[in-house]
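Comments concern the structure below.
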Amino acid sequence: MTVAAYTPPMRLVIAGEMTDIDLSVIQGMWSVEQYVRLTDHTNRLIEYSDGWIEILPMPTERHQAILECLFLFFRAYADSHGGKVRFAPLRLLVRDGKFREPDILLLRDARDPRRQDRFWRGADLVAEVVSEDDPERDTQIKRIDYAEAGIPEYWIVNPLDETVTVLTLSAGSYVEYGVFRRGDEARSKLLDGFAVRVDAIFDAQ
């Protein structure tokens, strides 16, 4: 599936002149190697799908506060169970020709060979904090992508309605394990005993 990509003009200074280069003219023609080289030299979140790149908006402070809170909970669990957790930006190979940069990536075994330096070749769990600019990206499009990647569990953390939706993979697609709200504990099916208070997530500062 091809999705519309946001590609702001890239400015290049040549001999003291300002030249606007509109990347939209080469959309659909980016190679994986070009994408990887491009993202090697920036901290911006840039995702790739079959020749198309999508430059994601800069996250808000609230987004980052929620992400920090989640990461610390997942890290405490991973550290005590021999796993490894990382946060964006870090590329995840969904399949040949498609990369995403989840907010959180987790492997239950830190020695898992899918954990590689330039990008991970898979994950056991990913999480996304829904962005206001395009909620459908995290709630629908990436739901399809991460299922395609065979990732067993996907957490959708939505500040817009203050819900945490935990999805588990079944027969190649995700089903809801639970939709958790304030007053609840969001629980993982995959990670034995892992739970976090929803209030703690959305009250993060």
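For the reader, a short list of remarks on this structure follows.
- Rounded to 5, percent antiparallel among DSSP beta bridges of the chain: 85
- With eigenvalues of the C-alpha gyration tensor scaled by 5 and rooted, the range 65-107, Å: 22, 13, 5
- Only Cα pairs under 8 Å and 6+ residues apart enter the sum, and on that basis the relative contact order of the chain stands at 13 percent.
- Between 0 and 90°, nearest 10: helix 61-81 axis offset from the chain longest Cα axis: 60
- All other residues whose Cβ lies under 11 angstrom from that of LYS84 are scored, Lys and Arg at +1 and Asp and Glu at -1, for a net of +2.
- Rounded accessible area per residue of the chain, 1.4 Å, Å²: 52
- Peptides 168-179, 115-126 ranked from most to least packed give 115-126, 168-179, packing being the mean of other C-beta atoms within 10 angstrom over each peptide's residues.
- Cα shape, the range 58-205, gyration tensor, a/c 1.5 rule: rounded
- The alpha-carbon of LYS142 sits under 17 angstrom from the alpha-carbons of these lysines, leaving out residues fewer than 8 places away in its chain: LYS98.
- Solvent-accessible area of the chain (1.4 angstrom probe, protein heavy atoms only): carbon and sulfur portion equals 50 percent.
- Amide hydrogen neighbours beyond the local backbone of GLY51, cut-off 5 Å, H modeled: none
- Cα-based shape type of the range 129-205, given that a ≥ b ≥ c are square roots of the gyration tensor eigenvalues and the cut on a/c is 1.5: oblate
- Here the sum of -39500 (n - 2.57) over DSSP H runs of 4 or more residues, divided by the residues of the chain, equals -6000 deg cm²/dmol at 222 nm, to the nearest 500.
The values are calculated or read from the model by the stated rules, or taken from the named source; none is laboratory data. Everything numeric in this text was worked out from a predicted model, so none of it was measured. Ideal geometry is used to build each Cβ from the backbone, glycine not excepted, and the neighbour counts take in all protein chains shown. The accessibility values were calculated without ligands, DNA or RNA, using every heavy atom of the protein model including side chains. Shrake-Rupley method; radii C 1.70, N 1.55, O 1.52, S 1.80 Å.
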